[in-house]
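**Q** Would you mind keeping the following structure in view while I ask a few things?
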Amino acid sequence: MSQPGPIIVVSSGEKLSFSTALSETRMFPLIDVIWPEAAQAVEKLQPAAVLVAATEQTDPWLQKLADQVATLQPYVPLLVVDPKLPLPINGIPFSQTGGSIERLSARLRTALRVRTLHATVLRRLTDDAATRMPLLQSDPAAEATVLLIGRGAAYPALSVALGEQLGVVGALSIEAAAKHLNARDVDGIVLGEGFSPRVVDAFLTVLAEDARFRNLPIVVAVPGLSPAYDLPNLEITSGEPVRIAADALPLIRQHAFEARLSRTLSSIDSDGLLDSRTGLLTHPAFDRDFATAVYQTATRGSALSVARFSFDRVSERIHLDAARIISRLMRRMDFATLQDDGSLLVVFAETELREAQAIAKRLSSVMKHTMHGPKRDSRVEPQIALTALQPQDSARSILGRLYAEDDRRAAS
(Lines give C-alpha, C1' and ligand atoms only; values in the text may rest on other atoms or scores of the structure.)
Protein backbone atom coordinates (compact mmCIF):
# COMPACT_ATOMS: atom_id res chain seq x y z
CA MET A 1 0.00 0.00 0.00
CA SER A 2 1.30 3.43 -0.88
CA GLN A 3 2.12 5.55 2.16
CA PRO A 4 2.60 9.14 0.95
CA GLY A 5 2.46 10.76 4.40
CA PRO A 6 3.19 9.92 8.03
CA ILE A 7 0.71 8.87 10.71
CA ILE A 8 0.32 11.65 13.26
CA VAL A 9 -0.39 10.54 16.83
CA VAL A 10 -1.85 13.28 19.01
CA SER A 11 -1.85 13.14 22.81
CA SER A 12 -1.40 15.32 25.89
CA GLY A 13 2.28 14.39 26.03
CA GLU A 14 2.05 11.08 27.87
CA LYS A 15 3.67 7.93 26.52
CA LEU A 16 0.94 5.97 24.73
CA SER A 17 1.11 2.18 24.72
CA PHE A 18 -0.58 1.89 21.31
CA SER A 19 1.83 4.42 19.75
CA THR A 20 4.82 2.51 21.11
CA ALA A 21 3.43 -0.79 19.90
CA LEU A 22 2.68 0.59 16.42
CA SER A 23 6.22 1.97 16.20
CA GLU A 24 7.65 -1.42 17.04
CA THR A 25 5.77 -3.04 14.17
CA ARG A 26 7.64 -0.73 11.75
CA MET A 27 4.60 -0.82 9.47
CA PHE A 28 3.73 2.87 9.76
CA PRO A 29 5.87 6.01 9.98
CA LEU A 30 4.62 7.68 13.19
CA ILE A 31 5.08 11.23 14.43
CA ASP A 32 3.99 12.06 17.99
CA VAL A 33 2.69 15.58 18.69
CA ILE A 34 0.84 17.25 21.54
CA TRP A 35 -2.58 18.82 21.17
CA PRO A 36 -1.48 22.49 20.83
CA GLU A 37 0.81 21.47 17.95
CA ALA A 38 -1.64 19.17 16.17
CA ALA A 39 -3.19 21.67 13.74
CA GLN A 40 0.19 22.95 12.59
CA ALA A 41 1.55 19.42 12.23
CA VAL A 42 -1.41 18.37 10.06
CA GLU A 43 -1.00 21.45 7.85
CA LYS A 44 2.74 21.00 7.45
CA LEU A 45 3.09 17.22 7.20
CA GLN A 46 -0.05 16.32 5.19
CA PRO A 47 -0.51 13.03 7.06
CA ALA A 48 -2.02 9.85 5.68
CA ALA A 49 -3.95 9.34 8.92
CA VAL A 50 -4.35 10.87 12.37
CA LEU A 51 -4.64 8.89 15.63
CA VAL A 52 -5.68 10.68 18.78
CA ALA A 53 -5.98 9.84 22.47
CA ALA A 54 -8.82 12.15 23.50
CA THR A 55 -10.13 12.98 26.95
CA GLU A 56 -12.82 15.30 28.25
CA GLN A 57 -10.19 18.03 28.60
CA THR A 58 -9.05 17.71 24.98
CA ASP A 59 -12.56 17.57 23.44
CA PRO A 60 -12.48 21.19 22.14
CA TRP A 61 -9.11 20.47 20.49
CA LEU A 62 -10.54 17.31 18.92
CA GLN A 63 -13.50 19.12 17.37
CA LYS A 64 -11.22 21.68 15.71
CA LEU A 65 -8.79 19.01 14.55
CA ALA A 66 -11.64 16.94 13.08
CA ASP A 67 -12.88 19.95 11.09
CA GLN A 68 -9.37 20.51 9.72
CA VAL A 69 -8.85 16.86 8.78
CA ALA A 70 -12.26 16.68 7.07
CA THR A 71 -11.15 19.27 4.48
CA LEU A 72 -8.09 17.29 3.34
CA GLN A 73 -7.99 15.34 0.07
CA PRO A 74 -7.53 12.52 -0.48
CA TYR A 75 -9.43 11.19 2.52
CA VAL A 76 -7.52 11.25 5.81
CA PRO A 77 -8.92 8.85 8.44
CA LEU A 78 -9.17 10.17 12.00
CA LEU A 79 -9.06 7.35 14.57
CA VAL A 80 -9.99 8.13 18.17
CA VAL A 81 -8.63 5.55 20.60
CA ASP A 82 -10.86 4.73 23.59
CA PRO A 83 -13.21 7.69 23.08
CA LYS A 84 -14.83 9.07 26.23
CA LEU A 85 -17.25 11.54 24.61
CA PRO A 86 -19.44 11.63 21.46
CA LEU A 87 -17.22 11.77 18.40
CA PRO A 88 -17.01 14.31 15.59
CA ILE A 89 -18.74 13.30 12.36
CA ASN A 90 -15.49 11.95 10.89
CA GLY A 91 -14.02 10.47 14.09
CA ILE A 92 -13.68 6.67 13.92
CA PRO A 93 -13.75 4.96 17.33
CA PHE A 94 -11.33 2.26 18.38
CA SER A 95 -12.12 0.72 21.77
CA GLN A 96 -10.92 -2.21 23.87
CA THR A 97 -7.27 -1.55 23.04
CA GLY A 98 -5.64 -3.67 25.72
CA GLY A 99 -3.44 -6.28 24.06
CA SER A 100 -4.98 -5.67 20.64
CA ILE A 101 -2.34 -3.87 18.61
CA GLU A 102 -3.03 -6.26 15.71
CA ARG A 103 -6.63 -5.01 15.63
CA LEU A 104 -5.50 -1.38 15.62
CA SER A 105 -3.07 -2.10 12.78
CA ALA A 106 -5.84 -3.84 10.82
CA ARG A 107 -8.27 -0.96 11.47
CA LEU A 108 -5.67 1.51 10.27
CA ARG A 109 -4.83 -0.50 7.15
CA THR A 110 -8.51 -0.75 6.25
CA ALA A 111 -8.96 3.02 6.60
CA LEU A 112 -5.83 3.67 4.54
CA ARG A 113 -7.23 1.50 1.74
CA VAL A 114 -10.18 3.88 1.57
CA ARG A 115 -7.70 6.76 1.31
CA THR A 116 -5.86 4.97 -1.52
CA LEU A 117 -9.14 4.35 -3.34
CA HIS A 118 -10.05 8.03 -3.00
CA ALA A 119 -6.65 9.04 -4.36
CA THR A 120 -7.18 6.70 -7.32
CA VAL A 121 -10.57 8.22 -8.10
CA LEU A 122 -9.21 11.77 -7.87
CA ARG A 123 -6.35 10.83 -10.20
CA ARG A 124 -8.70 9.19 -12.73
CA LEU A 125 -11.21 12.06 -12.68
CA THR A 126 -9.79 14.20 -15.44
CA ASP A 127 -11.41 17.58 -16.10
CA ASP A 128 -13.65 16.06 -18.76
CA ALA A 129 -14.60 13.07 -16.63
CA ALA A 130 -15.27 15.27 -13.59
CA THR A 131 -17.72 17.31 -15.67
CA ARG A 132 -19.63 14.22 -16.84
CA MET A 133 -19.58 12.29 -13.55
CA PRO A 134 -18.64 14.53 -10.61
CA LEU A 135 -17.79 12.90 -7.28
CA LEU A 136 -20.70 13.50 -4.93
CA GLN A 137 -19.92 15.79 -1.99
CA SER A 138 -22.96 14.94 0.14
CA ASP A 139 -22.68 13.01 3.40
CA PRO A 140 -22.21 9.31 2.48
CA ALA A 141 -24.33 8.36 5.50
CA ALA A 142 -27.35 9.78 3.67
CA GLU A 143 -27.20 6.82 1.27
CA ALA A 144 -26.00 4.17 3.73
CA THR A 145 -27.95 1.14 4.95
CA VAL A 146 -27.29 -0.76 8.16
CA LEU A 147 -28.45 -4.25 9.12
CA LEU A 148 -29.85 -4.19 12.66
CA ILE A 149 -30.07 -7.57 14.40
CA GLY A 150 -31.70 -7.85 17.80
CA ARG A 151 -34.60 -8.67 20.06
CA GLY A 152 -36.05 -7.33 23.26
CA ALA A 153 -36.99 -3.93 24.62
CA ALA A 154 -33.92 -2.09 23.31
CA TYR A 155 -34.50 -3.10 19.67
CA PRO A 156 -37.18 -0.46 18.84
CA ALA A 157 -35.15 2.33 20.44
CA LEU A 158 -32.02 1.25 18.59
CA SER A 159 -33.99 1.09 15.34
CA VAL A 160 -35.19 4.66 15.87
CA ALA A 161 -31.71 5.93 16.83
CA LEU A 162 -30.16 4.44 13.69
CA GLY A 163 -33.12 5.25 11.44
CA GLU A 164 -32.82 8.97 12.14
CA GLN A 165 -29.58 9.01 10.11
CA LEU A 166 -29.39 5.77 8.10
CA GLY A 167 -31.48 3.30 6.18
CA VAL A 168 -32.23 0.34 8.44
CA VAL A 169 -32.91 -3.28 7.57
CA GLY A 170 -34.15 -5.21 10.60
CA ALA A 171 -33.67 -8.86 11.49
CA LEU A 172 -35.00 -10.59 14.60
CA SER A 173 -32.84 -13.69 14.14
CA ILE A 174 -29.37 -14.62 12.92
CA GLU A 175 -30.97 -16.73 10.18
CA ALA A 176 -32.93 -13.74 8.86
CA ALA A 177 -29.79 -11.61 9.00
CA ALA A 178 -27.89 -14.18 6.92
CA LYS A 179 -30.61 -14.05 4.24
CA HIS A 180 -30.40 -10.26 4.11
CA LEU A 181 -26.61 -10.34 3.77
CA ASN A 182 -26.83 -12.78 0.87
CA ALA A 183 -29.55 -10.78 -0.90
CA ARG A 184 -28.27 -7.22 -0.70
CA ASP A 185 -25.36 -4.94 0.15
CA VAL A 186 -25.21 -3.18 3.51
CA ASP A 187 -22.76 -0.65 4.94
CA GLY A 188 -22.60 -2.11 8.42
CA ILE A 189 -24.10 -4.44 11.00
CA VAL A 190 -25.34 -3.51 14.47
CA LEU A 191 -25.89 -6.54 16.69
CA GLY A 192 -28.04 -5.77 19.70
CA GLU A 193 -29.19 -7.76 22.69
CA GLY A 194 -31.28 -10.91 22.67
CA PHE A 195 -28.64 -13.49 21.71
CA SER A 196 -26.32 -15.62 23.81
CA PRO A 197 -22.54 -15.06 23.60
CA ARG A 198 -22.23 -18.50 21.97
CA VAL A 199 -24.60 -17.57 19.14
CA VAL A 200 -22.90 -14.20 18.62
CA ASP A 201 -19.48 -15.87 18.63
CA ALA A 202 -20.59 -18.30 15.91
CA PHE A 203 -22.04 -15.45 13.81
CA LEU A 204 -18.90 -13.31 14.07
CA THR A 205 -16.72 -16.31 13.24
CA VAL A 206 -18.69 -16.93 10.05
CA LEU A 207 -18.42 -13.25 9.08
CA ALA A 208 -14.66 -13.29 9.66
CA GLU A 209 -14.27 -16.33 7.40
CA ASP A 210 -16.19 -14.76 4.49
CA ALA A 211 -14.25 -12.21 2.45
CA ARG A 212 -17.50 -10.46 1.46
CA PHE A 213 -18.16 -9.37 5.04
CA ARG A 214 -14.76 -9.32 6.72
CA ASN A 215 -14.25 -5.55 6.38
CA LEU A 216 -17.82 -4.55 7.20
CA PRO A 217 -18.31 -2.26 10.20
CA ILE A 218 -19.78 -4.48 12.93
CA VAL A 219 -20.91 -2.93 16.20
CA VAL A 220 -21.82 -5.45 18.90
CA ALA A 221 -23.75 -4.50 22.04
CA VAL A 222 -23.62 -7.95 23.65
CA PRO A 223 -21.67 -8.22 26.93
CA GLY A 224 -19.17 -10.96 27.62
CA LEU A 225 -17.37 -10.98 24.26
CA SER A 226 -13.74 -10.33 23.42
CA PRO A 227 -12.72 -8.70 20.12
CA ALA A 228 -10.59 -11.70 19.10
CA TYR A 229 -11.90 -12.00 15.53
CA ASP A 230 -10.35 -11.24 12.16
CA LEU A 231 -12.74 -8.32 11.71
CA PRO A 232 -10.86 -5.00 11.38
CA ASN A 233 -13.96 -2.85 11.86
CA LEU A 234 -15.46 -4.70 14.83
CA GLU A 235 -16.45 -2.54 17.81
CA ILE A 236 -17.81 -3.98 21.04
CA THR A 237 -19.74 -1.30 22.87
CA SER A 238 -22.43 -0.75 25.47
CA GLY A 239 -24.75 1.94 26.73
CA GLU A 240 -27.94 3.58 25.59
CA PRO A 241 -29.18 3.06 22.00
CA VAL A 242 -28.18 6.63 21.09
CA ARG A 243 -24.59 5.92 22.20
CA ILE A 244 -24.47 2.64 20.29
CA ALA A 245 -25.75 4.38 17.15
CA ALA A 246 -23.16 7.13 17.61
CA ASP A 247 -20.35 4.54 17.82
CA ALA A 248 -21.60 2.81 14.67
CA LEU A 249 -22.17 5.88 12.50
CA PRO A 250 -18.53 6.91 11.73
CA LEU A 251 -17.56 3.38 10.67
CA ILE A 252 -20.69 3.03 8.54
CA ARG A 253 -20.08 6.45 6.97
CA GLN A 254 -16.54 5.40 6.00
CA HIS A 255 -17.82 2.18 4.41
CA ALA A 256 -20.55 4.07 2.51
CA PHE A 257 -17.87 6.46 1.25
CA GLU A 258 -15.78 3.50 0.09
CA ALA A 259 -18.80 2.05 -1.73
CA ARG A 260 -19.42 5.42 -3.40
CA LEU A 261 -15.79 5.56 -4.54
CA SER A 262 -16.00 2.03 -5.96
CA ARG A 263 -19.14 2.93 -7.96
CA THR A 264 -17.45 6.11 -9.20
CA LEU A 265 -14.41 4.13 -10.33
CA SER A 266 -16.70 1.69 -12.19
CA SER A 267 -18.38 4.67 -13.82
CA ILE A 268 -15.00 6.03 -14.91
CA ASP A 269 -13.96 2.62 -16.25
CA SER A 270 -17.19 2.47 -18.27
CA ASP A 271 -16.53 5.97 -19.67
CA GLY A 272 -19.55 7.34 -17.87
CA LEU A 273 -22.04 4.69 -19.01
CA LEU A 274 -22.74 3.62 -15.41
CA ASP A 275 -24.42 5.89 -12.86
CA SER A 276 -22.03 6.33 -9.93
CA ARG A 277 -24.98 6.51 -7.49
CA THR A 278 -26.56 3.21 -8.43
CA GLY A 279 -24.23 1.10 -10.58
CA LEU A 280 -26.97 0.97 -13.25
CA LEU A 281 -26.83 2.52 -16.72
CA THR A 282 -27.19 6.27 -17.09
CA HIS A 283 -30.25 7.49 -19.01
CA PRO A 284 -28.43 8.09 -22.34
CA ALA A 285 -26.62 4.75 -22.13
CA PHE A 286 -29.86 2.92 -21.32
CA ASP A 287 -31.71 4.58 -24.21
CA ARG A 288 -28.96 3.57 -26.65
CA ASP A 289 -28.74 -0.01 -25.37
CA PHE A 290 -32.51 -0.41 -25.30
CA ALA A 291 -32.96 0.82 -28.87
CA THR A 292 -30.18 -1.52 -30.04
CA ALA A 293 -31.62 -4.46 -28.11
CA VAL A 294 -35.11 -3.91 -29.59
CA TYR A 295 -33.74 -3.73 -33.13
CA GLN A 296 -31.50 -6.81 -32.78
CA THR A 297 -34.16 -8.85 -31.00
CA ALA A 298 -36.77 -8.05 -33.67
CA THR A 299 -34.28 -8.90 -36.42
CA ARG A 300 -33.50 -12.29 -34.88
CA GLY A 301 -37.10 -13.01 -33.99
CA SER A 302 -36.26 -13.71 -30.34
CA ALA A 303 -37.85 -12.47 -27.10
CA LEU A 304 -37.39 -9.40 -24.94
CA SER A 305 -39.37 -8.17 -21.90
CA VAL A 306 -39.30 -4.95 -19.89
CA ALA A 307 -40.38 -4.29 -16.29
CA ARG A 308 -41.03 -1.04 -14.47
CA PHE A 309 -40.77 -0.99 -10.67
CA SER A 310 -42.40 2.07 -9.10
CA PHE A 311 -42.89 3.20 -5.52
CA ASP A 312 -45.55 5.29 -3.80
CA ARG A 313 -44.40 8.31 -1.78
CA VAL A 314 -40.95 7.17 -0.69
CA SER A 315 -37.68 9.05 -0.22
CA GLU A 316 -34.75 9.26 -2.62
CA ARG A 317 -32.85 6.93 -0.27
CA ILE A 318 -35.40 4.18 -1.01
CA HIS A 319 -35.09 4.75 -4.77
CA LEU A 320 -31.29 4.46 -4.60
CA ASP A 321 -31.52 1.45 -2.30
CA ALA A 322 -33.86 -0.33 -4.72
CA ALA A 323 -31.57 0.50 -7.64
CA ARG A 324 -28.58 -1.05 -5.88
CA ILE A 325 -30.55 -4.18 -5.09
CA ILE A 326 -31.46 -4.48 -8.79
CA SER A 327 -27.82 -3.84 -9.74
CA ARG A 328 -26.66 -6.67 -7.50
CA LEU A 329 -29.34 -9.26 -8.31
CA MET A 330 -30.20 -8.86 -11.98
CA ARG A 331 -28.68 -11.26 -14.51
CA ARG A 332 -25.56 -10.22 -16.38
CA MET A 333 -27.46 -10.31 -19.68
CA ASP A 334 -30.03 -7.76 -18.42
CA PHE A 335 -29.67 -3.99 -17.96
CA ALA A 336 -31.54 -1.27 -16.08
CA THR A 337 -31.70 2.40 -15.17
CA LEU A 338 -33.14 4.60 -12.43
CA GLN A 339 -35.64 7.11 -13.86
CA ASP A 340 -35.98 10.72 -12.72
CA ASP A 341 -39.35 9.89 -11.14
CA GLY A 342 -37.72 7.23 -8.95
CA SER A 343 -38.99 4.23 -10.91
CA LEU A 344 -36.71 1.51 -12.24
CA LEU A 345 -36.73 0.17 -15.78
CA VAL A 346 -35.27 -3.31 -16.20
CA VAL A 347 -34.79 -5.00 -19.59
CA PHE A 348 -34.78 -8.81 -19.59
CA ALA A 349 -32.90 -9.90 -22.69
CA GLU A 350 -33.90 -13.11 -24.50
CA THR A 351 -36.78 -13.55 -22.05
CA GLU A 352 -40.45 -14.36 -22.65
CA LEU A 353 -43.10 -12.53 -20.65
CA ARG A 354 -43.92 -15.50 -18.39
CA GLU A 355 -40.28 -15.94 -17.39
CA ALA A 356 -39.88 -12.17 -16.93
CA GLN A 357 -42.87 -12.16 -14.57
CA ALA A 358 -41.20 -14.78 -12.39
CA ILE A 359 -37.91 -12.86 -12.32
CA ALA A 360 -39.64 -9.56 -11.56
CA LYS A 361 -41.58 -11.15 -8.68
CA ARG A 362 -38.35 -12.47 -7.17
CA LEU A 363 -36.71 -9.04 -7.41
CA SER A 364 -39.80 -7.41 -5.93
CA SER A 365 -39.83 -9.91 -3.05
CA VAL A 366 -36.23 -9.09 -2.13
CA MET A 367 -36.99 -5.35 -2.17
CA LYS A 368 -40.16 -5.81 -0.13
CA HIS A 369 -38.43 -7.83 2.58
CA THR A 370 -35.17 -5.89 2.79
CA MET A 371 -36.28 -2.25 2.44
CA HIS A 372 -38.12 -0.32 5.12
CA GLY A 373 -40.13 2.86 4.88
CA PRO A 374 -39.81 6.01 7.01
CA LYS A 375 -41.94 4.53 9.79
CA ARG A 376 -40.71 1.65 11.92
CA ASP A 377 -41.88 -1.77 10.72
CA SER A 378 -43.32 -0.30 7.49
CA ARG A 379 -42.53 -2.27 4.34
CA VAL A 380 -41.82 -0.83 0.91
CA GLU A 381 -43.59 -2.86 -1.76
CA PRO A 382 -42.81 -1.94 -5.38
CA GLN A 383 -45.54 -1.89 -8.00
CA ILE A 384 -44.65 -3.88 -11.14
CA ALA A 385 -45.70 -3.25 -14.73
CA LEU A 386 -44.52 -5.68 -17.42
CA THR A 387 -44.64 -5.87 -21.18
CA ALA A 388 -42.92 -7.83 -23.94
CA LEU A 389 -41.68 -7.07 -27.44
CA GLN A 390 -44.36 -7.41 -30.09
CA PRO A 391 -44.09 -7.34 -33.91
CA GLN A 392 -43.52 -3.85 -35.30
CA ASP A 393 -42.57 -2.52 -31.83
CA SER A 394 -40.05 0.25 -31.36
CA ALA A 395 -38.28 1.21 -28.13
CA ARG A 396 -40.68 4.16 -27.76
CA SER A 397 -43.83 2.09 -28.30
CA ILE A 398 -42.74 -0.52 -25.75
CA LEU A 399 -42.15 2.12 -23.08
CA GLY A 400 -45.40 3.85 -23.97
CA ARG A 401 -47.31 0.60 -23.47
CA LEU A 402 -45.45 -0.06 -20.22
CA TYR A 403 -46.35 3.32 -18.76
CA ALA A 404 -49.95 3.00 -19.96
CA GLU A 405 -50.20 -0.35 -18.19
CA ASP A 406 -48.79 1.18 -15.03
CA ASP A 407 -51.33 4.03 -15.24
CA ARG A 408 -54.20 1.54 -15.63
CA ARG A 409 -52.98 -0.39 -12.60
CA ALA A 410 -52.78 2.80 -10.53
CA ALA A 411 -56.26 3.87 -11.57
CA SER A 412 -57.85 0.50 -10.75
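The values are calculated or read from the model by the stated rules, or taken from the named source; none is laboratory data. Computed from a predicted structure; not experimentally measured. Heads up, the Cβs are rebuilt from the backbone with ideal geometry, glycines too, and the neighbour counts pull from every protein chain shown.
**Q** Scan the range 48-66 residue by residue and report those that are within 29 Å of ARG123 (Cβ to Cβ) and either among the β-branched types (Val, Ile, Thr) or part of a helix (DSSP H, G or I) (or both).
**A** In the first step, residues of the range 48-66 are kept if they are within 29 Å of ARG123 (Cβ to Cβ); the result is 48-52, 65-66.
Selection gives VAL50, VAL52, LEU65, ALA66.
**Q** Considering the range 289-323 alone, what residues qualify as being exposed (fewer than 14 other Cβ atoms within 10 Å of the Cβ) and of a type outside the set (Phe, Trp, Tyr)? Outline the logic, then answer.
**A** Quick first cut of the range 289-323, residues exposed (fewer than 14 other Cβ atoms within 10 Å of the Cβ) only: 291-292, 295-296, 299-302, 312-313, 316.
ALA291, THR292, GLN296, THR299, ARG300, GLY301, SER302, ASP312, ARG313, GLU316, listed by residue number.
**Q** Hey, any hits in the range 333-344 for a residue that's closer than 27 Å to LEU181 by Cβ, of a type in the set (D, E, K, R) and either without any contact (Cβ under 8 Å) to a residue 60 or more places away in the chain or part of a helix (DSSP H, G or I) (or both)?
**A** yes
**Q** Continuing with the same structure: Scan PRO241, PRO232 and give me the residue that is assigned by TED's automatic domain parsing to the domain that holds VAL169, under 27 Å from ASP321 (Cα atoms) and either touching a Gly at 6+ places or on another chain (Cβ under 9 Å) or among the basic types (Lys, Arg) (or both).
**A** Just one listed residue meets the conditions, PRO241.
**Q** Still on this structure, please answer the following. Would you say THR292 is part of a helix (DSSP H, G or I), of a type in the set (Val, Ile, Thr) and modelled with pLDDT of 90 or more?
**A** Numbers: part of a helix (DSSP H, G or I): yes; of a type in the set (Val, Ile, Thr): yes; modelled with pLDDT of 90 or more: yes.
Against the criterion (part of a helix (DSSP H, G or I), of a type in the set (Val, Ile, Thr) and modelled with pLDDT of 90 or more), THR292 qualifies.
**Q** Here is a follow-up. I'd like to know if the range 67-87 contains one or more residues that are out of contact with any His (no Cβ under 7 Å at 6 or more places or on another chain), free of Cβ contacts under 8 Å to residues at least 40 places away in the same chain, part of a helix (DSSP H, G or I) and farther than 21 Å from LEU249 by Cα.
**A** no
**Q** While we're here: Out of all the residues in the range 304-329, which are of a type in the set (A, V, I, L, M, F, W, C) and out of contact with any helix residue (DSSP H, G or I) (no Cβ under 7 Å at 6 or more places or on another chain)?
**A** Step one: list which residues in the range 304-329 are of a type in the set (A, V, I, L, M, F, W, C), which gives 304, 306-307, 309, 311, 314, 318, 320, 322-323, 325-326, 329.
Those that are of a type in the set (A, V, I, L, M, F, W, C) and out of contact with any helix residue (DSSP H, G or I) (no Cβ under 7 Å at 6 or more places or on another chain): VAL314, ILE318, ALA323.
**Q** Determine whether the range 160-180 contains at least one residue that is under 25 Å from PRO77 (Cβ atoms), out of contact with any Leu (no Cβ under 9 Å at 6 or more places or on another chain) and assigned to a helix (DSSP H, G or I).
**A** Yes, the conditions are met somewhere in the range 160-180.
**Q** Which one is farthest from the chain's Cα centre (by Cα), of the residues in the range 181-197 that are hydrophobic (A, V, I, L, M, F, W, C) and part of a loop (DSSP other than H, G, I, E, B)? Please lay out each step first, then the result.
**A** To start, the set of residues in the range 181-197 that are hydrophobic (A, V, I, L, M, F, W, C) comprises 181, 183, 186, 189-191, 195.
With part of a loop (DSSP other than H, G, I, E, B) added as a condition, the list becomes 186, 195.
Values: VAL186: 6, PHE195: 25 Å.
My answer is PHE195.
**Q** Return the residues of the range 113-126 that are modelled with pLDDT of 85 or more and either of a type in the set (Val, Ile, Thr) or more than 15 Å from ALA256 (Cα to Cα) (or both); say none if nothing qualifies. Let's see the steps before the verdict.
**A** Filtering the range 113-126 down to residues modelled with pLDDT of 85 or more leaves 113-124.
Residues satisfying the conditions are VAL114, THR116, ALA119, THR120, VAL121, LEU122, ARG123, ARG124.
**Q** Are there any pairs, at least 6 apart or on different chains, whose C-beta atoms fall under 6 Å, with the first in the range 366-386 and assigned by TED's automatic domain parsing to the domain that holds LEU320 and among the charged types (D, E, K, R) and the second at pLDDT 85 or above and in a loop (DSSP other than H, G, I, E, B), and if so, which?
**A** Within 6 Å, the pairs are LYS368/GLU381.
**Q** In addition: Has the range 316-325 got any residue that is of a type outside the set (Phe, Trp, Tyr) and part of a loop (DSSP other than H, G, I, E, B)? Break it down stepwise before answering.
**A** Quick first cut of the range 316-325, residues of a type outside the set (Phe, Trp, Tyr) only: 316-325.
Next cut, part of a loop (DSSP other than H, G, I, E, B) only: none.
Checked against the condition, which is being of a type outside the set (Phe, Trp, Tyr) and part of a loop (DSSP other than H, G, I, E, B), the range 316-325 yields no hits at all.
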